[in-house]
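Structure first, commentary second.
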Amino acid sequence: MTETETVDNSLYCIGCGAKLQTTDPDAAGYLPEKSLQKAQQEGKDAYCKRCFRLRHYNEIQPVGLTDDDFLRLLNLLGKQDALIVNVVDIFDFNGSLIPGLHRFVGSNPVLLVGNKADVLPKSLKRTRLRTWLDHQAHDNGLHPVETILMSAKDKADVAELLRRIEKYREGRDVYFVGVTNTGKSTLINAILKQTTGVDDLITTSRFPGTTLDQIRLELEDGAGLIDTPGIIYRKQMAHYLDAKDLRLVSPTKVIRPRTYQLNMEQTLFLAGLARLDYVRGPRAGFTAYVDNMLLIHRTKLENADDFYDRQKGKMLQPPRADSEHELPPLVRVEFTPTEDSDIVFAGLGWISVPAGAVVAAYAPKGVDVVMRPAMI
Ligand SMILES: Nc1nc2c(ncn2[C@@H]2O[C@H](COP(=O)(O)OP(=O)(O)OP(=O)(O)O)[C@@H](O)[C@H]2O)c(=O)[nH]1
Ligand SMILES: [Mg+2]
């Protein structure tokens with residue numbers, strides 16, 4: 001079923017796709033000589049040390065992959081005759097789009113998969129969300145053959161994904177592409193589980209940059225089902241969070257919307273990571289769609305700067321006081337939506353704001369804040 005060995009006899013880690021090597025413990029694909037020999041003798045799929053630590057201790061070992069490596073991989077796709085499955089995270093939709101995807105993949109058809117639908121509030125009708133996804137894709141220059149909204153955790157959804165793939169691939173290879181953490185490897189594992197019973201083959205994690213190189217599995221007719229490394233954008237909040245706080249940008253439970261009736265000149269803090277000021281307008285409802293564990297704190301706008309300076313890393317956590325990452329200073333952007341809109345803080349979630357309200361959004365310098373038509 002799996003193909004870790006190639007013509008030049010190099011072996012590849014089945015967990016992350018890196019070429020296995022026994023010389024540099026700090027580089028991708030390292031495993032001790034003995035472990036490699038054992039895997040070779042037993043004819044088993046081998047995992048590198050980094051995957052081993054991720055899978056058993058949930059610890060990440062950084063390896064130096066650059067954006068160029070990812071772009072090079074994407075560029076190769078234009079030369080293949082294949083079905084491209086573009087996986088986006090519905091919770092971080094704007095952060096998980098690949099600008100110019102069609103340029104990379106040439107004339108190959110793209111199936112758009114909005115994953116992680118399980119975290120969105122149940123009140124949200126799937127059909128409505130799919131229409132929203134279609135419009136957003138179109139507005140961002142994506143022209144998929146079809147859009148699917150799903151959860152990798154739902155067996156029926158995975159079966160449906162497989163049917164769509166079979167419909168569009170017409171015997172060709174299938175490449176899963178997307179930004180890091182959208183769930184590409186999790187989806188492939190789920191497909192594998194349904195078709196072969198093999199559980200949890202590819203390494204998955206909440207850390208950005210889990211898969212390091214292509215991982216090719218074989219479909220029944222010999223065509224490939226190929227996982228690829230996700231593109232890493234520095235504009236995502238995940239880069240400024242400690243490992244323990246990553247769950248805040250990768251919710252696992254249904255999000256409970258939290259609504260605040262705000263008067264003008266009130267402020268909402270999203271822990272110490274982001275902030276929304278209600279600058280001007282009548283008393284109105286603002287609803288936050290963020291992880292249930294993320295602290296939301298309301299203050300008066302006039303005290304907000306001072307409060308942030310005093311409480312960042314204390315009451316407003318994350319960032320943790322002893323964080324291993326330096327959180328860049330918050331940068332202010334003002335918005336005046338003409339329709340009901342979402343102010344999206346890349347990776348963290350969004351706050352819906354009413355038409356006509358003047359608001360100011362703050363996020364760490366370098367982290368994207370965008371306004372979009374309201375999802376819900
Ligand atoms: N709630 C929820 N979480 C999911 C779903 N699919 C994946 N995840 C989680 O999202 C995180 C990232 O999953 P991966 O499969 O490693 O993502 P990836 O796209 O392969 O990431 P890279 O290899 O870095 O490109 C993990 O914590 C998964 O458990 C889903 O449908 N729902
Ligand atoms: Mg992956």
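Read the figures in this text as sums done on the coordinates, not as results from a lab. Quick caveat: nothing in here was measured; it's all calculated off a predicted structure. Glycine also receives a Cβ, built like all others from the backbone with ideal geometry; neighbour counts cover every protein chain displayed.
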Could you go through the stretch 175-183 in sequence order and give the Karplus-derived ³J(HN,Hα) for each residue, using 6.51 cos²θ - 1.76 cosθ + 1.60 with θ = phi - 60°, rounded to whole Hz, and x for Gly and Pro? 9, 8, 10, x, 6, 4, 6, 7, x
Pairwise FRET efficiency - Met264 versus His135, Cβ, R0 = 35 Å, nearest 0.05: 0.70
If I measure Cβ to Cβ between cysteines in the chain, which ones have no partner under 4.7 Å? Cys16, Cys51
With each pseudo-label sitting 7 Å past Cα toward Cβ, what's the His143-His239 distance in nm, one decimal? 3.2
Helix 184-196: inclination vs the chain longest Cα principal axis, degrees, rounded to 10, gives 50
Spatially proximal lysines relative to Lys155 (Cα-Cα < 20 Å; intrachain offsets below 8 disregarded): Lys116, Lys122, Lys125, Lys167, Lys184, Lys193, Lys253
Determine the shape class of the stretch 111-163: with a ≥ b ≥ c the square roots of the Cα gyration tensor eigenvalues, call it rounded for a/c under 1.5, and otherwise prolate if a/b is greater than b/c, oblate otherwise. oblate
Could you calculate the FRET efficiency of Tyr57 with Leu295 from 1/(1 + (r/R0)^6), where r is the beta carbon distance between them and R0 is 30 Å, rounded to 0.05? 0.60
Which trypsin sites (Lys or Arg not before Pro) in the stretch 60-129 pass both tests, a DSSP loop state and at most 14 other beta-carbon atoms within 10 Å? Lys122, Lys125
Sorted by chain and number, the residues with a modelled amide H under 5 Å from that of Leu149, at a separation of 5 or more or across chains, are Gly114
Hypothetical label at Leu76: residues of the stretch 175-200 whose amide nitrogen lies under 13 Å (7 Å Cα-Cβ projection): 175-176
Using the 10 angstrom Cβ neighbour count as an exposure proxy, how do Lys155, Lys312, Lys193 rank, fewest first? Lys155, Lys193, Lys312
Straight-line reach only, C-alpha to C-alpha below 15 angstrom: list the aspartates and glutamates that Lys153 could link to, leaving out same-chain residues fewer than 8 apart. Asp89, Asp118, Asp199, Asp200
Report, ordered by chain and residue number, the aspartates and glutamates lying within cross-link reach of Lys38, taken as a straight Cα distance under 16 Å and ignoring same-chain residues fewer than 8 apart. Glu5
Divide by every residue of the chain the summed helix terms, -39500 (n - 2.57) for each DSSP H run of at least 4, and state the resulting mean residue ellipticity at 222 nm, rounded to the nearest 500 deg cm²/dmol. -7000 deg cm²/dmol
Rounded to 10°, Cα long-axis angle of helix 126-139 versus longest principal axis of the chain: 90
Label-point separation (nm) for Ala355 and Thr252, each offset 7 Å from Cα along Cα-to-Cβ? 4.1
Could you line up His143, His297 from fewest to most neighbouring Cβ atoms inside 10 Å? His143, His297
